[in-house]
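The values are calculated or read from the model by the stated rules, or taken from the named source; none is laboratory data. All of these numbers come straight from a predicted model, not from anything done at the bench. Positions of Cβ are backbone-derived with ideal geometry, glycine not excepted, and every protein chain shown enters the neighbour counts. Please note that ligands, DNA and RNA were not included when accessible areas were found on the heavy atoms of the full protein model with its side chains. Shrake-Rupley method; radii C 1.70, N 1.55, O 1.52, S 1.80 Å.
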Amino acid sequence: MTLQIAIDGPAASGKSTDAKLLAERINGLYVNTGLMYRAVAGAAYNLGIDPEKNPQELVKLLPQWTLEYRLDNDANKLELFFNDKPVDNAFLRSKEVSDVVSQVAAIPEVRDWMLQKQRDCAKLPIIIMEGRDIQTVVLPNATYKFFITASAEERARRRLKQGDFKDGTTLKEVAEQIKLRDHLDSTRAVAPLKPAADSLVINTDNMTPDEVVDKMVEHMQKNPRQ
Ligand code: CDP
């Protein structure tokens, strides 16, 4: 039986760091579904498609595209390939892509196209899948569900520290971008961001990633699967 751990939460809550660290601790495979949406958003951006005004232009290209997580040579990590090429992480995290990714992720056909690809990853033995709708839509029967949050101010500080910004970007500007994406993600009609009823919600404002992972591991030990 596979062990599926679903981790969701708002932008820059630290969930990627926590999910990666958890994967290392328990020897699991980490899947970042945000990066999958970013790959599609990056392709749309490169083609000059406006996902808000012309979503159908993007939708009609989906059947020609491939997107898959593949095991690396040592079979201990997954790497994302778009149209058979490894994705460019720096580009996918840039402001240009961040500005359009939530519009791309709100297109129902894009979410449909993603769903089976994400469920296929979850067939691997120990999977830690991170995103916005993993516990509610993609893997509603996941073995464990965690919802990672932090205040908007703390999240803006964390994102600015990551340094994917042009020089001179202020905390206020980052906070505004994050709030806009939170709003788009939690109010969209399809698969909005929210914790599942049986999720453990962790507010990480005053916690280090190690402490967050300790809490997740403790929860799993206290609740062994049946
Ligand atoms: O790293 P950060 O939390 O800023 O974002 P991300 O995890 O890279 O996700 C980027 C965007 O993709 C989110 O703001 C959502 O709009 C979308 N997304 C989604 O709709 N569903 C998911 N399962 C994952 C991401």
Those residues that are free of Cβ contacts under 8 Å to residues at least 40 places away in the same chain and either hydrophobic (A, V, I, L, M, F, W, C) or touching a Ser or Thr at 6+ places or on another chain (Cβ under 9 Å) (or both), I need them from region 111-155; list them, please.
Leu115, Ala152
For the subset of region 1-13 comprising residues that are within 15 Å of the ligand (Cβ to nearest atom) and out of contact with any strand residue (DSSP E or B) (no Cβ under 6 Å at 6 or more places or on another chain), which member is modelled with the highest pLDDT?
Pro10
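Can you find a residue in region 163-173 that is hydrophobic (A, V, I, L, M, F, W, C), loosely packed, with under 15 Cβ neighbours inside 10 Å and within 23 Å of Val104 (Cα to Cα)?
no
Scan Arg38, Arg25 and give me the residue that is open to solvent by less than 60 Å² (accessible area, probe 1.4 Å) and among the basic types (Lys, Arg).
Values: Arg25 fails: open to solvent by less than 60 Å² (accessible area, probe 1.4 Å).
Answer to the selection: Arg38.
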Conditions (1) more than 17 Å from Leu3 (Cα to Cα); (2) open to solvent by less than 30 Å² (accessible area, probe 1.4 Å); (3) within 11 Å of the ligand (Cβ to nearest atom); number of the one not met by Met129:
(1)
Would you be able to say whether some residue in region 183-205 is within 10 Å of the ligand (Cβ to nearest atom), closer than 21 Å to Lys95 by Cβ and open to solvent by 90 Å² or more (accessible area, probe 1.4 Å)?
no
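At least 2 residues that are touching a helix residue (DSSP H, G or I) at 6+ places or on another chain (Cβ under 9 Å) and modelled with pLDDT under 95 in each: list the helices (runs of 4 or more DSSP H) lying fully within region 112-226 that qualify. Lay out the reasoning, then the answer.
Values: elements: 152-162, 171-187, 209-222.
Per the criteria, 152-162, 171-187.
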Here are some residues: Val212, Val217. Which one is more than 10 Å from the ligand (Cβ to nearest atom) and surrounded by 17 or more Cβ atoms within 10 Å (Cβ to Cβ)?
Val212
Given (1) in contact with a helix residue (DSSP H, G or I) (Cβ under 9 Å, 6 or more places away or on another chain); (2) open to solvent by 40 Å² or more (accessible area, probe 1.4 Å); (3) not small (Gly, Ala, Ser), where does Pro86 come up short, assuming only one miss?
(1)
Among the numbered criteria (1) more than 10 Å from the ligand (Cβ to nearest atom); (2) touching a Phe, Trp or Tyr at 6+ places or on another chain (Cβ under 8 Å), which single criterion is violated by Pro51?
(2)
How about region 41-55: which of its residues are among the hydrophobic types (A, V, I, L, M, F, W, C) and open to solvent by less than 20 Å² (accessible area, probe 1.4 Å)?
Ala41, Ala43, Ala44, Ile49
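Okay, residues lined up against (1) in contact with a strand residue (DSSP E or B) (Cβ under 8 Å, 6 or more places away or on another chain); (2) of a type outside the set (A, V, I, L, M, F, W, C); (3) assigned to a helix (DSSP H, G or I):
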{"residue": "Leu35", "(1), (2), (3)": "yes, no, yes"}
{"residue": "Arg38", "(1), (2), (3)": "no, yes, yes"}
{"residue": "Lys53", "(1), (2), (3)": "no, yes, no"}
{"residue": "Pro63", "(1), (2), (3)": "no, yes, yes"}
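Working carefully through the options Asp18, Asp72, find the one that is away from the ligand (no atom under 11 Å from the Cβ) and either polar (S, T, N, Q) or crowded, with 22+ Cβ neighbours inside 10 Å (or both). Spell out the reasoning first.
Numbers: Asp72 fails: either polar (S, T, N, Q) or crowded, with 22+ Cβ neighbours inside 10 Å (or both).
Sole residue among the options that is away from the ligand (no atom under 11 Å from the Cβ) and either polar (S, T, N, Q) or crowded, with 22+ Cβ neighbours inside 10 Å (or both): Asp18.
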If you check Leu58, Leu92, which single one turns out to be buried (at least 21 other Cβ atoms within 10 Å of the Cβ), free of Cβ contacts under 8 Å to residues at least 60 places away in the same chain and within 14 Å of the ligand (Cβ to nearest atom)?
Leu92
